[in-house]
Each structure stands twice: as structure tokens, then as C-alpha cells.
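Here is the structure we will look at.
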Amino acid sequence: MSTMLQIAGVVKESIVDGPGFRFVVFTQGCKHNCPGCHNPHTHSFEGGTSVSVDSLLEQIGKNPLLDGITLSGGEPFEQAAACAELAAKAHMSGLNVMTYTGYTIKAIQISRRAGWRSLLEETDILVDGRFELDKKNLLLRFKGSENQRIIDVKKSLKEKAVVLAEI
């Protein structure tokens, strides 16, 4: 039986949610409730649709032009184990993985919550930090506010320091 994921929806083809041509999964449920969030409908843990990781992979597999998947929200780390499974299977298909989170990479690294380390390790590019309305900047690429960082996770884990992604 495939792992289930609660989602607000998907975008099958996006060029604005990370580098390249991407399949975007918007998870349902977020504790951050950032004022000005562009996805406030994803905050409730009661909403959304339950889908299997395998059904998402089937949809992803129908598009040979995809460069990667993006896990957005809501908050992917609230469903870390299921998102990590999806990310791992996307990697097996040759796709890269970008994850948006309101948590910082440091908070993720020190957390003992189930699946957090796995999702971090299956993420290639991490956009970390809460959206801050007073730091909103529409000219930023792939992030909403100036406090957020776009992190190369593999290099950061190897170097044991935050390494910003070059995209």
C-alpha cells in the first residue's frame, strides 16, 4: 500500500516554483500561518485531498519534460515522511527536488521529528524561513521575502555550513 499525503493541489507544469520545468505539490496543513502568505487556503490541517505517493508519481511520470518536483505548501515538513518518500522516488526517476519550508535548515537539522532528516536529505534545494510581509519583494526569484534563503542542501550537509544555491 502506498503512503498517503494530504495535499491542497498540484501544478503539473511550472516554471516559477524552482529552476527548470517542474511538477509542484502543495501540501495541506501549516502551523506558521504567516501573514500575507500566498497560500492561506493550505494552512488548515482539515482541508485538502488525500492522495497516494504512487498516484502522484504516476502523474509526474506522464511528463518526460520535467526537470524536477517542488514540494510547497502548506508546510511539507508537517508530512515529512510521505514527502521524503515522494522525493526519494522522484530522485530514482532522475528528477531533482526543491522544498519550501517556513522552518530554518538549522531547526530541521536539530529536530527529532519523524521524517525530517529524511526529507532534508532527499531535498536538493531548500527555501527556508517564514514568509515575512515586511520583507516581501516581488523581484526575488523563487522566494517571497528577503529573509528567506535558497540553500544547496547537499553542499550544506557536506560542508556543515549553509551554502546558498547558485540558481
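Just one of 138, 157, 86 is open to solvent by less than 60 Å² (accessible area, probe 1.4 Å), free of Cβ contacts under 8 Å to residues at least 60 places away in the same chain and outside any strand (DSSP E or B); which is it? Before you say what the answer is, go through the steps one by one.
Working: 138 fails: open to solvent by less than 60 Å² (accessible area, probe 1.4 Å); 86 fails: free of Cβ contacts under 8 Å to residues at least 60 places away in the same chain.
Of 138, 157, 86, the one residue that is open to solvent by less than 60 Å² (accessible area, probe 1.4 Å), free of Cβ contacts under 8 Å to residues at least 60 places away in the same chain and outside any strand (DSSP E or B) is 157.
Looking at this structure, is residue 75 surrounded by 14 or more Cβ atoms within 10 Å (Cβ to Cβ), of a type in the set (Asp, Glu) and farther than 23 Å from residue 150 by Cβ? Let's see the steps before the verdict.
Numbers: surrounded by 14 or more Cβ atoms within 10 Å (Cβ to Cβ): yes; of a type in the set (Asp, Glu): yes; farther than 23 Å from residue 150 by Cβ: no.
So residue 75 fails the test.
When both residues are 6+ apart or on different chains and their Cβ atoms are under 9 Å apart, which pairs have a first residue that lies in region 38-63 and is within 16 Å of residue 84 (Cα to Cα), and a second that is of a type in the set (Gly, Ala, Ser) and open to solvent by 30 Å² or more (accessible area, probe 1.4 Å)?
Taking only residues 6 or more apart or on different chains, the pairs are 57/93; 60/93.
Can you run down the residue pairs with Cβ atoms below 7 Å, 6 or more apart or on separate chains, where the first is in region 90-112 and farther than 15 Å from residue 157 by Cβ and the partner is among the acidic types (Asp, Glu) and open to solvent by less than 40 Å² (accessible area, probe 1.4 Å)?
Final answer for the pair search is 96/124; 98/124; 101/75; 101/128; 102/75; 103/128.
Looking only at region 9-43, filter to residues that are open to solvent by 30 Å² or more (accessible area, probe 1.4 Å) and in a strand (DSSP E or B); which one of those is nearest to residue 75 (Cα to Cα)?
Applying the filter and picking the extreme gives 26.
Count, please, the residues in region 125-134 that happen to be surrounded by fewer than 15 Cβ atoms within 10 Å (Cβ to Cβ) and touching a residue at least 12 places away in the same chain (Cβ under 8 Å).
Taking region 125-134 first, the residues surrounded by fewer than 15 Cβ atoms within 10 Å (Cβ to Cβ) are 133-134.
This time we only want the ones that are touching a residue at least 12 places away in the same chain (Cβ under 8 Å), so: 133.
Total meeting the criteria: 1.
Sort out which residues of region 95-116 are of a type in the set (S, T, N, Q), within 16 Å of residue 163 (Cα to Cα) and open to solvent by less than 30 Å² (accessible area, probe 1.4 Å), and write them in order of number. Steps first, please.
Pass one, region 95-116, residues of a type in the set (S, T, N, Q): 96, 99, 101, 104, 109, 111.
Cutting the leftovers down to within 16 Å of residue 163 (Cα to Cα) gives us 99, 104, 109.
Residue satisfying the conditions is 99 alone.
The values are calculated or read from the model by the stated rules, or taken from the named source; none is laboratory data. Fair warning: this is a prediction, and the values are worked out from it, not measured in the lab. When we count neighbours, we look across all protein chains shown, and the Cβ atoms used for this are built from the backbone with ideal geometry, even at glycine. Only protein heavy atoms, including side chains, enter the accessible area calculation; ligands, DNA and RNA are left aside. Shrake-Rupley method; radii C 1.70, N 1.55, O 1.52, S 1.80 Å.
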